[in-house]
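A short write-up of the structure that comes next.
Please treat every number below as a calculation from the coordinates, not as lab data. These figures come from a predicted structure and were not determined experimentally. Neighbour counts are summed over all protein chains in view; Cβ atoms, including those assigned to glycine, are modelled from backbone coordinates with ideal geometry.
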Amino acid sequence: MLETHRLKLVKPNLSYTDELYQLHTNKVATKYTPKGIHQNKVATQDFIKGWMRHWDEYQFGYFILIMRDNHEVVGIAGFEYRTIHQQQFLNAYYRIFPSYTGVGLAFESMEEIARHLKKHDTITPKLIRTNQYNTNSIKLAQKLGYNYDANWDDVINKGDRCFFNLQALDNN
């Protein structure tokens with residue numbers, strides 16, 4: 001478990017199925033999600049199991065974000081390995097309940113997770129892949145020190161924009 005001044009960051013497990021199902025079916029939180037919303041809790045459990053497997057193999061991955069003051073699940077954030085065009089990246093992922101967006105929780109959690117990641121991987125480039133219209137995610141990528149590379153536009157989905165931070169592990 002990691003902590004920031006406002007958040008507890010815990011490893012994913014199936015006890016968070018209900019909260020994560022609510023997050024992954026929230027129309028605002030999933031507005032730019034190319035895969036769409038989860039159709040049922042089994043789909044959410046399958047995602048969680050995948051995240052748990054990544055943790056078992058690499059000792060890091062996505063974290064459940066919990067407010068320290070009221071113990072409410074507010075989102076998920078972290079990095080997992082992802083291969084795109086035969087190149088491996090640490091793919092950033094973050095999703096926050098709309099009622100908790102705009103107050104810096106994604107930035108706070110991603111900074112702490114990046115510091116933690118130094119214990120596991122200081123070589124693999126980090127990637128934030130977002131939709132061209134997701135201005136909040138683009139602003140977060142820039143605030144975290146990531147740089148846009150137009151050569152990667154539409155890499156997986158039409159409208160993809162990729163932000164890279166090859167030095168991010170040295171700067172956190």
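Here is how the numbers come out for the structure above:
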read-out: Taking 67, 1, 110 and counting other C-beta atoms within 10 Å, the order from fewest to most; value: 1, 67, 110
read-out: Which of 51, 152 has the fewest Cβ neighbours within 10 Å, and the rest in rising order; value: 152, 51
read-out: Student exercise, region 2-171 dipole from Lys, Arg, Asp, Glu Cβ charges, in Debye to nearest 20; value: 200
read-out: The chain: antiparallel DSSP beta bridges as a percent of all, rounded to 5; value: 95
read-out: Distance from region 15-49 to region 63-99 (C-alpha centre basis), Å; value: 13
read-out: Per-selection Rg to Rh, region 26-121 - Cα, Kirkwood hydrodynamic radius; value: 0.96
read-out: Nonlocal amide H pairs with residue 75, under 5 Å, H built at 1.01 Å; value: 65, 97
read-out: Cut-off 13 Å between beta-carbons: net charge of the residues surrounding residue 21, Lys and Arg +1, Asp and Glu -1; value: -1
read-out: Length gained when the stretch residue 35-residue 99 is fully extended (0.36 nm per residue, less Cα-Cα span); value: 20.8 nm
read-out: Farthest positive-ward along region 61-161 dipole, Cα basis, beta-carbon charges - from 61, 147, 123; value: 123
read-out: Cα-based equivalent ellipsoid, the chain: semi-axes from gyration tensor eigenvalues, Å; value: 22, 19, 17
read-out: 20 Å Cα-Cα reach of residue 118 towards aspartates and glutamates, excluding residues that sit fewer than 8 places from it in its own chain; value: 3, 56, 57, 80, 108, 170
read-out: Contact order normalised by residue count of region 35-145, Cα under 8 Å, 6+ apart, percent; value: 19
read-out: Neighbour-count order for 107, 97, fewest beta carbons within 10 angstrom listed first; value: 107, 97
